[in-house]
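A short worksheet on the structure shown next.
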């Protein structure tokens, strides 16, 4: 109820505020469109920022490198420590980290890529490298690798090579699977520890003696109740720590070498799946629904509910933390003596949009990570992954500690292979699982599951590759 | 974007000049308008466009016309997800509405202790699904859950509960009713407060019993509230995501949500997996628009039907 003057003032204030709001809104919307370019140019201190031609000048220009990685409580401190050391060595490079827990990291990354504001380089799960590479998001690292890295010195470079021989990433650490076994459980059941000569059938007959119901009766006992298992012979989960190893060592597999054709409906796969289904039917192996009653799919072995597991290197962390009395050996061989150990090479990849000085700085980081013994040793000390550099992997620093037979991880490289990883990997794995899980639960016969999986997986492949 | 905000002005200016209250009003709603246009209308239109294109998030969308819709209607998983959603809704909405009404009537007395009961029924409403997942795991875990221990005690066979394709949706519905009933009960309680007590008194004088009063007075007089509850819960059930995602293990592995073997795969989970796990944002947008059309039609049907049974005043 103020005077006229007051009202007039208010009016003009109102108009001013309104226009301010609109301008802000305009700016906000404009920003979301072009912020990628803006932050690239805006933050360098030197006036000549962003010039490609200046990259090679002796007086290195200042670069801000945005580095993305999925974080974990175990490794974040070490990562920061290594980043600090890198910045001391390369005073012109400032690293800005962007990290979040695994699932959120990749979800955010996808939207960042859409908005052209993705990090300059990031740590990719090995199985996701082709997803980004084949969709044109990553920089082709082939020339840089040829020029700066001696391939024989490193594990796993070839695990990121695509069907055309191009490299899209440099491994940050290697995951390779072996057979884990709980010594206490073997001792209790008076079963000999697994050896390198084991076949899958040997494993199954041991599993029979190690699977126990809640009244303490083993599966070999006629009174054994398979509806009340307290200890499984072998815990078995999805592709990496489940069926892929068995399929491949039985001579089967999922995709051909072009990674665009399904080879699922084969007699070898049928034999392998029969082997698995029989084990699950007798509850010697965990079925997919058995796993749901655990805190996580990885939990049965460290929580002492399974005597054996197919496990990648990172699983030593939980096993050690649970203070299990365990060891590892190479995975069993198939009926024809074939062996297979799945590998996932989690890798550093560079954003295609990171050009010039940023691209160079990103490659510097990768070189620092892969070539420097100190970095490799520091990272290996976390126990998360097998070091990429062979000399470090073969050193006593890596090979000492639990489990005793760490050498098994290195020996497994001889028959290691990827998980038929391509651009639509998560999707075809999903389709494959949908179908064979039904066979695992005894709902459909193996033949039918294979046939349907074959059709559905091929459909997923065709949709992406035949476009 | 700001141009569109400007575009709204002439419409309001019909009275030739906006008086000062009008300007102030406009100023006050500007933040909301900007938010609405940029983040609601903008995304809506974008998703409509995406639904007609091949869009993998990582690369710009390519126009493909009706391809996504054609694929959708030929995809058996879509029909399965639609059926699961409908099945969930058919079980959930009537069950929750009827139970909440009974509960509200029972607790609509002027007794002090009853406040405690109302509070007890409202507690699950404010708990997060993650917490409820752990609680229900303690009960329904096939290995060490209370439910199976109980069945075994009675000499019955243990069940796989949420891992059983036939049990999973009914069980999820039961848990959802348990969690949601307090909220609906509060809405009904508010409706019951508006029923004049003299109507009940008149009925009592005429010799009506409790059941007759409920049937002939309470039910018709709160039919407006019931209608609101039905619409709201149908829509929210069609959009159900969090409960099923969390309780069927989506947090552990996004592709296993909706399990076992897609037995509890509802439309929203299907949409999420297609869009975010498999980078088919165009296809996922098409699912969203089909869902919108279904919900729109359902609501229209409910609005038309309400004339038959809803009494206002």
Odd one out for residue A:187, checked against (1) on the phi > 0 side of the Ramachandran plot; (2) without any contact (Cβ under 8 Å) to a residue 24 or more places away in the chain: (1)
Residues that are under 19 Å from residue A:290 (Cβ atoms) and within 12 Å of chain B (Cβ to nearest Cβ), drawn from segment A:433-467: A:433, A:434, A:435, A:436, A:437, A:438, A:439, A:440, A:441, A:443, A:444, A:449
Identity of the residue in segment A:131-163, more than 14 Å from chain B (Cβ to nearest Cβ) and in a strand (DSSP E or B), that ends up farthest from residue A:259 (Cα to Cα): A:154
Criterion (surrounded by fewer than 24 Cβ atoms within 10 Å (Cβ to Cβ), touching a strand residue (DSSP E or B) at 6+ places or on another chain (Cβ under 9 Å) and more than 14 Å from chain B (Cβ to nearest Cβ)) met by exactly one of A:263, A:246: A:263
Which numbered condition residue B:117 fails, given (1) farther than 23 Å from residue B:162 by Cβ; (2) modelled with pLDDT under 90; (3) in a loop (DSSP other than H, G, I, E, B): (3)
Any chance residue B:208 is at pLDDT below 90 and away from chain A (no Cβ under 14 Å): yes
Yes/no for residue A:209 being within 14 Å of chain B (Cβ to nearest Cβ) and closer than 15 Å to residue A:279 by Cα: no
Flag if residue A:207 is modelled with pLDDT under 95 and outside any strand (DSSP E or B): no
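Residue-wise test of (1) assigned by TED's automatic domain parsing to the domain that holds residue A:392; (2) surrounded by fewer than 22 Cβ atoms within 10 Å (Cβ to Cβ).
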site	(1), (2)
A:156	yes, no
A:166	yes, yes
A:182	no, no
A:186	no, yes
A:189	no, yes
A:192	no, yes
A:196	no, yes
A:203	no, no
Scan of segment B:150-168 for residues that are surrounded by fewer than 17 Cβ atoms within 10 Å (Cβ to Cβ), within 11 Å of chain A (Cβ to nearest Cβ) and not in a loop (DSSP other than H, G, I, E, B), ordered by number: B:152
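Taking the stated definitions as given, is residue B:85 modelled with pLDDT of 85 or more and either away from chain A (no Cβ under 14 Å) or closer than 30 Å to residue B:197 by Cβ (or both)?
yes
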Selection status of residue A:119, within 21 Å of the chain's Cα centre (by Cα) and under 17 Å from residue A:386 (Cβ atoms): no
Per-region count, segment A:381-419, residues assigned to a helix (DSSP H, G or I), within 19 Å of the chain's Cα centre (by Cα) and crowded, with 21+ Cβ neighbours inside 10 Å: 2
All positions within segment A:276-293 that are surrounded by fewer than 21 Cβ atoms within 10 Å (Cβ to Cβ) and out of contact with any helix residue (DSSP H, G or I) (no Cβ under 7 Å at 6 or more places or on another chain): A:278, A:281, A:282
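The values are calculated or read from the model by the stated rules, or taken from the named source; none is laboratory data. As the structure is a prediction and not an experimental result, all values here were calculated from the model. Cβ sites come from the backbone with ideal geometry, for glycine too, and all protein chains shown count toward neighbours.
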